[in-house]
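Visitor: Starting off with a structure, shown below.
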Amino acid sequence: MNRMEKHVNQVLQEMQSRKEEREEIKKELLSHLEEAKSFYMQQGDTEKIAEKKAVEEFGGSKQIGHGFQEAMYPYQRSLLYVIGLATILFGVIFHLYLSITFGGEEPVWLLIQFLFGSLVVLTGINIAFVGRHFWSVNVLVLLTAMWNGVGLMMVSQVYPFQMIMFSIYLLVIILISIIFVIRHSYYASNPEQTSPEKRKIQKVSYVVNIVYGVMLFTAALFITYGMLIFGGMGWHVLIPLSSIFAWLLFYKFQMKLIQKRPVIAIFVGLAFLFLVAAAPFAISGFIRG
């Protein structure tokens, strides 16, 4: 492997592009470098010196890689930073608020809050590698949004003004998380090789399916919250939460279906929503019976 190939590979390490995209980009970048190398060799430079000059003229690998990343997946890294850091910041502020105002602390909740926020930030830092696993990143961001939804339930117990401020803050984080997942799912569908009309339908299908997921998450968290209040902690709280994890697994299949059959995916998503929403009640009734 010569100097130019190493330089191009370093550029590709800064991008989250799919394998087929990376091969196309690699060929294109090497073609530009080969042209520059040929030019310098025609000027009388040796092959090694020509390669060195071509690479230097081309620019730094990190700068070029970041440029490609932003051009192909605009704002994805920035959105991850916002979601992760905002999640951590809320954990710090709300924990201090509880300690000062009520003299109480929630160390376990704070630890989980920090864990989700840190994982999202680390994903943004390492998006060149982690970002290629589109479904896994979506799951992490959706679970972070869900945990911030748990925070919404917690802030409902504080004074009205603070409750409103905290709720608005959390709702903004959740909204940004949903926007990120929709965009990230869309980028996974290889939009460059899809007709404009199909891209529009895919966007609608992704939005609708994520809305299904948000509805399910909201209902499951609300039911879980009610169970905790009236029934206390127990295995029964896992029943509504199981529907969330079932939907997350289903969405991996759904992302592939949307790429091929976006309209059908809307109806399949709706059918699964009803199925997974009804299943916990059927299981609970069966156990009690």
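The values are calculated or read from the model by the stated rules, or taken from the named source; none is laboratory data. Here the structure is a predicted model, which means the values were calculated and not measured. Cβ: placed from backbone, ideal geometry, glycine included. Neighbour counts: every protein chain shown. These area figures cover heavy atoms from the full protein model, side chains too; ligands, DNA and RNA do not enter into them. Shrake-Rupley method; radii C 1.70, N 1.55, O 1.52, S 1.80 Å.
Visitor: When you scan the range 56-134 for helices (runs of 4 or more DSSP H) that lie fully inside it, which ones turn up with 3 or more residues that are among the hydrophobic types (A, V, I, L, M, F, W, C), touching a helix residue (DSSP H, G or I) at 6+ places or on another chain (Cβ under 9 Å) and surrounded by fewer than 17 Cβ atoms within 10 Å (Cβ to Cβ)? Give the derivation first.
Guide: Numbers: elements: 61-72, 76-101, 107-125, 127-130.
Passing ranges, in order: 76-101, 107-125.
Visitor: Sort through Leu96, Leu110, Leu89 and tell me the only one that's under 18 Å from Ile176 (Cβ atoms) and not polar (S, T, N, Q). Reasoning before the result, please.
Guide: Working: Leu96 fails: under 18 Å from Ile176 (Cβ atoms); Leu110 fails: under 18 Å from Ile176 (Cβ atoms).
Of the residues listed, the single one that is under 18 Å from Ile176 (Cβ atoms) and not polar (S, T, N, Q) is Leu89.
Visitor: Is it the case that some residue within the range 37-50 is over 19 Å from the mean Cα position of the chain (by Cα), in a loop (DSSP other than H, G, I, E, B) and surrounded by 16 or more Cβ atoms within 10 Å (Cβ to Cβ)?
Guide: Step one: filter the range 37-50 for residues over 19 Å from the mean Cα position of the chain (by Cα), giving 37-50.
Keeping just the survivors that are in a loop (DSSP other than H, G, I, E, B) gives 43-46.
This time we only want the ones that are surrounded by 16 or more Cβ atoms within 10 Å (Cβ to Cβ), so: 45.
Yes, the range 37-50 has at least one match.
Visitor: Here's a follow-up. Can you name every residue in the range 155-181 that is of a type in the set (A, V, I, L, M), closer than 30 Å to Tyr206 by Cα and open to solvent by less than 70 Å² (accessible area, probe 1.4 Å)?
Guide: Correct list: Leu170, Ile173, Ile174, Ile176, Ile178, Val181.
Visitor: Hey, can you tell me all the residues within the range 187-238 that are modelled with pLDDT under 85, open to solvent by less than 30 Å² (accessible area, probe 1.4 Å) and of a type in the set (S, T, N, Q)?
Guide: Ser189, Asn190, Thr194, Thr224
Visitor: Still on this model: Suppose we filter the range 1-36 for residues that are in a loop (DSSP other than H, G, I, E, B) and over 25 Å from the mean Cα position of the chain (by Cα); how many remain? Break it down into steps so the answer makes sense when it comes.
Guide: Taking the range 1-36 first, the residues in a loop (DSSP other than H, G, I, E, B) are 1-2, 13-18.
Remaining after also requiring over 25 Å from the mean Cα position of the chain (by Cα): 1-2.
Looking only at that region, the number is 2.
Visitor: Does the range 179-190 contain any residue that is in contact (Cβ under 8 Å) with a residue 24 or more places away in the chain and either in a loop (DSSP other than H, G, I, E, B) or over 22 Å from Glu70 (Cα atoms) (or both)? Reasoning before the result, please.
Guide: Applying the first criterion (in contact (Cβ under 8 Å) with a residue 24 or more places away in the chain) to the range 179-190 yields 179-185, 187-190.
Next, only the ones that are either in a loop (DSSP other than H, G, I, E, B) or over 22 Å from Glu70 (Cα atoms) (or both) stay: 189-190.
Among the residues of the range 179-190, at least one is in contact (Cβ under 8 Å) with a residue 24 or more places away in the chain and either in a loop (DSSP other than H, G, I, E, B) or over 22 Å from Glu70 (Cα atoms) (or both), which makes the answer yes.
Visitor: Where the second residue is open to solvent by 30 Å² or more (accessible area, probe 1.4 Å) and among the charged types (D, E, K, R) and the first is free of Cβ contacts under 8 Å to residues at least 40 places away in the same chain and lies in the range 118-143, which pairs have Cβ atoms under 8 Å and are six or more apart or on separate chains?
Guide: none
Visitor: Another question, if that's okay. Working only within the range 14-36, note down all residues that are acidic (Asp, Glu) and either surrounded by fewer than 16 Cβ atoms within 10 Å (Cβ to Cβ) or more than 17 Å from Gly131 (Cβ to Cβ) (or both).
Guide: Selection gives Glu20, Glu23, Glu24, Glu28, Glu34, Glu35.
Visitor: Go through the range 50-86 and report how many residues are more than 21 Å from Met15 (Cα to Cα), in contact with a Leu (Cβ under 9 Å, 6 or more places away or on another chain) and not hydrophobic (A, V, I, L, M, F, W, C).
Guide: Residues that pass the stated criteria total 1.
Visitor: Looking at (1) in a helix (DSSP H, G or I); (2) under 30 Å from Lys62 (Cα atoms), which one does Leu171 not meet, given that it meets all the others?
Guide: In the conditions (1) in a helix (DSSP H, G or I); (2) under 30 Å from Lys62 (Cα atoms), Leu171 misses (2) alone.
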